[in-house]
Amino acid sequence: LLLLFWFKYACTWAHVGATFQVPKSTCQELAMELLVGVAPLLQAAFIKPMTHAEQQAAGFLFDDMQEVSAVVDCTVQQCTKPKESFEEAKRHFSFKHNRYGLKNLTIHSCNGRVMWLLSGIPASTHDLTLLRDENAMNAVN
């Protein structure tokens, strides 16, 4: 329940702990245990790469751009400044967005199905660097 509360309100762990009257560290531990356990099930259910030919056969193509088989999107989720050395902390700083954060890359097929997902990458990493990841390129191809 506390994980759903955290997802819905996007609040701090301290707020979740105060709401459920448990320590912040306990909230984090429980949430991470649950996420680690559920991640393979979610990945199997929702992340299914399709080749361009499979998308054509299923009719999942953009009407105006038949040659396009995927949409790539990178987002930065803001976070507090990491309590690390300056050199480590600056990896999480995005000068483009002027904030500390973690970057997520998602690749979607034309029907909206997630083909590839990278998350928790330091915000200073360039979008193209993430896209050059071998697995991401395989998902697009």
Measuring from label point to label point, each 7 Å out along Cα→Cβ, what is the A44 to H97 span in nm? 3.2 nm
Nearest-10 value in Å² for the accessible area of H97, using the 1.4 Å probe: 80 Å²
Residue span K24 to D127: 0.36 nm per residue of separation minus Cα-Cα distance leaves a gain in nm of 33.8 nm
Estimated distance in nm for a label pair at V114 and F86, the labels positioned 7 Å out from Cα along Cα-to-Cβ: 3.7 nm
Go through K24/K96; K8/K90; K8/K83; K24/K90; K81/K103 and tell me which ones have a Cα-Cα distance over 23 Å in this structure. K24/K96; K8/K90; K8/K83; K24/K90
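With a Förster radius of 25 Å, plug the Cβ-Cβ distance of E54 and L4 into 1/(1 + (r/R0)^6) and report the FRET value to the nearest 0.05.
Efficiency computed from Cβ-Cβ geometry: 0.15.
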With each pseudo-label sitting 7 Å past Cα toward Cβ, what's the M32-N104 distance in nm, one decimal? 1.9 nm
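The values are calculated or read from the model by the stated rules, or taken from the named source; none is laboratory data. Predicted, not measured: the structure shown is a model, and the values here were computed from it. So basically every Cβ, Gly included, is an ideal-geometry build from the backbone, and we count neighbours across all protein chains shown. We work out accessible area using only protein heavy atoms, side chains counted, and drop any ligands, DNA or RNA first. Shrake-Rupley method; radii C 1.70, N 1.55, O 1.52, S 1.80 Å.
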